[in-house]
Amino acid sequence: LRSIVWQDGCLQLLNQTALPGKAEYIACRDWRRVAEAIRRLEVRGAPAIGAVAAYGLVLGARELAAQPGDFRPALLAVAGELRKTRPTAVNLFWALDRMLAVAGRYGDDTPPTAVAAALEEEAGAIYREDEAVNRQISVNGAALFAPGSAVLTHCNAGALATVAFGTALGVIGEAWRQGLISRVFVDEPRPLLQGARLTTWELRQEGIPVTLITDNMAGWVMRRGMVQAVIVGGDRITARGDVANKIGTYSLAVLAREHGIPMYVAAPLSTFDFSLESGDDIPIEERSADEVTGFGGVRTAPEGIEVFNPAFDVTPGELVTAIITEHGVLRSPYREAIAGLLEKTKGGR
Ligand code: MRU
């Protein structure tokens with residue numbers, strides 16, 4: 001099942017809040033519904049958010065082109081609303097900037113329908129590139145594993161979180177097919193259970209042996225020698241290799257260091273924010289207290305309790321063994337490695 005399908009001017013999103021119970025698509029014909037889907041996590045995962053926002057802008061452009069009014073400022077306003085949906089995954093901003101750069105290539109005398117068509121073409125390019133990038137990351141990352149390794153992954157960095165195979169799960173799938181990975185441990189993670197609900201579901205579909213654990217079991221699993229590596233995705237990576245990813249990633253990195261286990265991050269170039277040096281400057285999304293005080297509509301904490309609910313944390317580059325990209329595997333010192341990546345690709349991702 002594809003997470004994102006663009007067909008005849010309609011964006012179909014596999015509803016990730018309904019999985020694994022129901023596999024149903026949400027049909028978005030309006031950019032406002034796309035923004036809502038990103039906010040509600042009906043679609044989630046950094047590369048998927050980028051691709052979906054690009055199509056959101058296409059829907060906005062088509063709507064604006066069909067009505068009288070000043071097309072350009074209105075298009076910028078739509079992009080502005082899409083930008084507000086989630087703050088941490090830089091792929092959202094990367095995709096919208098890329099889309100607006102395309103619109104900017106056309107003069108004011110260009111009919112808005114032609115700009116909308118060019119934007120649809122660009123969104124398609126972002127979509128197709130993500131698939132190619134996923135494949136390359138998978139191949140680059142698989143080479144890191146010794147035969148028979150068991151690995152631990154966190155949250156969901158799979159086909160659901162991207163356009164095609166995923167980043168961390170793409171690597172796992174490729175390494176499994178090569179006989180290098182024997183089993184995948186998946187933690188929950190609290191509060192929204194993307195691992196327990198989505199990653200287990202994806203791995204099962206691929207026939208990869210999977211063991212679900214709760215978040216607080218990771219240290220013991222490492223201590224007992226049950227995993228030989230940790231591999232996760234990323235939402236934003238700074239110029240010195242600090243990695244924002246789903247809350248709990250930092251704890252796993254600290255545990256991995258203590259147990260002498262490599263900590264790998266798999267992410268495309270579109271997840272790098274070359275403008276930021278330190279992870280301290282990454283905006284961290286804080287979500288509703290309801291996500292922590294209960295689950296599935298059942299309240300588990302006392303009424304009125306104070307809650308801290310950051311959706312992401314930042315793992316300092318020092319704790320990351322390697323960053324797997326479509327352009328190769330980066331290792332510390334990351335400042336130099338990432339500067340080299342920027343130079344190699346000239347920032348064009
Ligand atoms: O809040 P989410 O579910 O969007 O968080 C997702 C993650 O943290 C993923 O690990 C990350 O986006 C990488 S997805 C390839």
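Please provide three numbers in whole Å: the alpha-carbon extents of region 254-348 along the principal axes, with the largest listed first.
53, 34, 22
Which FRET efficiency value, to the nearest 0.05, do you get for residue 121 and residue 258 by plugging their Cβ-Cβ distance into 1/(1 + (r/R0)^6) with R0 = 56 Å?
Plugging the Cβ-Cβ distance into 1/(1 + (r/R0)^6) gives 0.70.
Between residue 315 and residues 5 or more places away or on another chain, which pairs have amide H atoms under 5 Å apart, with H built 1.01 Å from N, and which residues are they?
Placed amide hydrogens put 243, 244, 245 under 5 Å from residue 315.
Rounded to the nearest 5, what % of DSSP beta bridges with both residues in region 257-349 are antiparallel?
Among the beta bridges of region 257-349, antiparallel pairing accounts for roughly 65 percent.
Any idea how far the Cα center of region 1-66 sits from the one of region 259-313, in Å?
Computed from Cα coordinates, the inter-centre distance equals 22 Å.
Using the Karplus curve 6.51 cos²θ - 1.76 cosθ + 1.60 with θ = phi - 60°, work out ³J(HN,Hα) for each residue of region 292-301 in order, rounded to whole Hz, and write x for Gly and Pro.
After applying 6.51 cos²θ - 1.76 cosθ + 1.60, I find 9, 7, x, 8, x, x, 9, 7, 10, 10 Hz.
Under the rule of -39500 (n - 2.57) per DSSP H run of 4 or more residues, summed and divided by the residues of the chain, what mean residue ellipticity at 222 nm is obtained, to the nearest 500 deg cm²/dmol?
Helix-only estimate at 222 nm: -12500 deg cm²/dmol.
Taking the beta-carbon count within 10 Å as an exposure proxy, list 272, 185 from fewest neighbours to most.
185, 272
Set Lys and Arg Cβ to +1 and Asp and Glu Cβ to -1, take the dipole of region 40-147 about its Cα centre, and tell me which of 89, 124, 113 lies farthest positive.
Result: 89, furthest along the dipole toward the positive end.
Enter the per residue convex hull volume of region 123-225, computed from alpha-carbon coordinates, in Å³ rounded to the nearest integer.
91 Å³
P(r) tail for region 1-59, what percent of Cα pairs lie past 14 Å?
Summing the P(r) tail past 14 Å for region 1-59 gives 46 percent.
Would you work out which of 140, 220, 251 lies farthest towards the positive end of the dipole of the chain, given +1 charges on the beta-carbon of Lys and Arg and -1 on that of Asp and Glu, about the Cα centre?
220
Mean separation of Cα pairs under 8 Å and 6+ residues apart, divided by the residue count of region 207-337: what relative contact order is that in percent?
Contact order relative to length: 30 percent.
What percent antiparallel are the DSSP beta bridges of the chain, to the nearest 5?
Percentage antiparallel, nearest 5: 50.
Taking only the alpha-carbon atoms of region 69-129, what semi-axes of the equivalent ellipsoid follow from 5 times the gyration tensor eigenvalues under a square root, in whole Å, largest first?
Semi-axes (√(5λ), whole Å): 21, 15, 8.
Round to the nearest 10 and give me the degree value, 0 to 90, for the angle of helix 334-345's Cα axis relative to the longest principal axis of the chain.
40 degrees
With a ≥ b ≥ c the root eigenvalues of the C-alpha gyration tensor of the chain, is it rounded (a/c under 1.5), prolate (a/b larger than b/c) or oblate?
prolate
May I have the convex hull volume per residue, in Å³, for the Cα set of region 228-299?
Taking only Cα atoms, region 228-299 has a hull volume of 135 Å³ per residue.
Under the Karplus relation 6.51 cos²θ - 1.76 cosθ + 1.60, θ = phi - 60°, what is the ordered set of whole-Hz ³J(HN,Hα) values for region 270-277, x standing for Gly and Pro?
Each residue's phi maps through the Karplus curve to give 5, 9, 8, 10, 5, 7, 10, 8 Hz.
Taking the Cα centre as origin and putting +1 on Lys and Arg beta-carbons and -1 on Asp and Glu beta-carbons, what dipole magnitude results for the chain, to the nearest 20 debye?
740 debye
Which three numbers, in whole Å and largest first, are the semi-axes of the equivalent ellipsoid of region 1-148 derived from its Cα gyration tensor as √(5λ)?
Ellipsoid half-lengths, sorted descending, are 29, 18, 13 Å.
May I ask you to compute the full-extension gain from residue 214 to residue 32, defined as 0.36 nm times their residue separation minus their alpha-carbon distance, rounded to one decimal in nm?
62.0 nm is the gain from fully extending residue 214 to residue 32.
Hey, how much of the P(r) for region 174-216 falls beyond 16 Å, as a percent of Cα pairs?
It works out to 35 percent of all Cα pairs.
Please arrange 274, 308, 145, 165 by counting, for each residue, the other beta carbons lying within 10 Å of its beta carbon, fewest first.
Result, fewest neighbours first: 308, 274, 165, 145.
For region 151-292, what is the Kirkwood estimate of the hydrodynamic radius, computed as the reciprocal of the mean inverse distance between distinct Cα atoms, to one decimal in Å?
One over the average 1/r among Cα pairs gives 15.4 Å for region 151-292.
With θ set to phi - 60°, apply the Karplus curve 6.51 cos²θ - 1.76 cosθ + 1.60 along region 178-187 and write out the HN-Hα couplings as whole Hz, x wherever there is a Gly or Pro.
8, x, 8, 10, 9, 7, 10, 8, 10, 8
Please tell me the relative contact order of the chain in percent, rounded to the nearest whole number, where contacts are Cα pairs under 8 Å and at least six residues apart.
After rounding, I find 16 percent.
Label residue 23 and residue 305 with points 7 Å out from Cα along Cα→Cβ: what is the distance between them in nm?
Computed distance between label sites residue 23 and residue 305 equals 3.7 nm.
Put a dot 7 Å past each Cα toward the Cβ at residue 100 and residue 135; how far apart are the dots in nm?
3.3 nm
Helix 112-142: angle to the longest alpha-carbon principal axis of the chain, degrees 0 to 90, nearest 10?
Between helix and principal axis, roughly 10 degrees.
Which lysines have a Cα lying under 17 Å from the Cα of residue 84, excluding residues fewer than 8 positions away in the same chain?
Those lysines meeting the cut-off do not exist here.
Taking 7 Å along the Cα-to-C-beta vector as the label spot, tell me the residue 288-residue 1 distance in nanometres, rounded to one decimal.
2.3 nm
Read-outs: derived from the displayed coordinates by stated rules, not from any lab. Keep in mind that what you see is a predicted model, and the values were worked out from it rather than measured. Ideal geometry is used to build each Cβ from the backbone, glycine not excepted, and the neighbour counts take in all protein chains shown.
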